[in-house]
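Encoded as structure tokens, the structure appears first; notes follow it.
The values are calculated or read from the model by the stated rules, or taken from the named source; none is laboratory data. Fair warning: this is a prediction, and the values are worked out from it, not measured in the lab. Virtual Cβ from ideal backbone geometry, glycine too; neighbours counted across all protein chains shown.
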Amino acid sequence: MLTLALELEGYDVEQAANGLRLISSLHVDRPDLILLDVMMSWIDGFELCRSIKKNDEFRDIPVVFVSARKTGEDVQKGLAAGAADYFTKPVDIDRLTHRIREILAAAA
């Protein structure tokens with residue numbers, strides 16, 4: 001549903017089944033922004049975000065968490081890992097797309 005909403009906003013959306021596939025896809029098709037869940041197979045989203053931010057080639061790609069994990073501690077861990085923002089599910093699509101536009105405009 002999130003993919004469809006973002007595509008209707010005019011974004012090209014690629015999905016990765018897990019963190020390993022995301023890392024390998026970064027080398028092939030560099031995204032302008034990464035939406036990331038905390039709960040993933042292979043590696044959790046916090047660790048994956050930290051890995052992206054430690055990599056010189058990818059650290060400038062903004063990461064936004066979209067997760068069912070909604071405690072204040074989770075939000076702080078996401079932001080401390082280097083995320084530009086953290087949204088909890090169910091996500092407010094209008095708020096998310098507005099924030100994505102802001103992040104992309106600032107990065108341009």
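Filtered by the rule that a residue be under 14 Å from the mean Cα position of the chain (by Cα) and in a loop (DSSP other than H, G, I, E, B), the range 90-108 gives a lone residue, 91.
Conditions tested, residue by residue: (1) among the small types (Gly, Ala, Ser); (2) out of contact with any Gly (no Cβ under 8 Å at 6 or more places or on another chain); (3) modelled with pLDDT under 95.
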site: 13; (1), (2), (3): no, yes, no
site: 19; (1), (2), (3): yes, no, yes
site: 22; (1), (2), (3): no, yes, yes
site: 26; (1), (2), (3): no, yes, yes
site: 34; (1), (2), (3): no, yes, no
site: 50; (1), (2), (3): no, no, no
site: 54; (1), (2), (3): no, yes, no
site: 58; (1), (2), (3): no, yes, no
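Under the condition of being β-branched (Val, Ile, Thr) and without any contact (Cβ under 8 Å) to a residue 12 or more places away in the chain, the residues counted in the range 1-51 number 2.
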